[in-house]
Amino acid sequence: MSWYVLTIPAKQDLTEINRYIIPYNLDADRRLNEKIKQQYKLLADFPNMGQSSDNFASGLRSFLVEDYLIFYFANESSGRVNF
């Protein structure tokens, strides 16, 4: 079974996104958070779904969720994905 870890910068990015969206639309913020969480789970199970972003860092991958890019590194030998 695969699993994922949110790095401190990823958590900070999510906090900033929430701070931006919540004043305008709390429901939209909740829906976006759920979509991102579901995408984390899916990418942990299928890490090659995302696009290669080797032009930024070797082994880096990305996946678009609405207007936001999720960047991650997958370690297939351990089954862990770092966001």
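Taken together, the values in this text are just the output of simple stated rules run on the coordinates, not laboratory data. Note that the structure is a prediction, hence the values are computed from the model and not measured. Counting neighbours? That spans all protein chains shown, and the Cβs are built from the backbone with ideal geometry, glycine included.
Worth pointing out:
- For Arg80, the residues whose modelled amide H falls within less than 5 Å of its own, excluding neighbours fewer than 5 places apart on the same chain, are Trp3, Asn75.
- Whole-Å distance, taken between Cα centres, linking the stretch 60-77 and the stretch 10-34: 18
- The modelled label-to-label distance between Thr15 and Val65, using points 7 Å beyond Cα along the C-beta direction, is 1.8 nm.
- Karplus-derived 3J(HN,Hα), 6.51/-1.76/1.60, for each residue of the stretch 25-30, Hz, glycine and proline x: 6, 4, 5, 5, 4, 4
- Using equal-weight Cα scatterers in the Debye expression, the normalised intensity of the chain in log10 at q = 0.13, 0.15, 0.21 Å⁻¹ is -0.41, -0.54, -0.98.
- Normalised by the number of residues in the chain, the mean separation of alpha-carbon contacts (under 8 Å, six or more apart) gives a relative contact order of 36 percent.
- The simple Förster model, with R0 at 25 Å and r as the Cβ-Cβ distance, assigns Gln51 and Asp27 a FRET efficiency of 0.25.
- Computed lengthening from Lys41 to Ser58, 0.36 nm per intervening residue step minus Cα-Cα distance: 3.9 nm
- With neighbour counts taken as other beta-carbon atoms within 10 Å, the residues Phe71, Phe83, Phe56 rank, fewest first, as Phe56, Phe71, Phe83.
- About its Cα centre, the dipole of the chain is roughly 200 debye, where the only charges are +1 on Lys and Arg Cβ and -1 on Asp and Glu Cβ.
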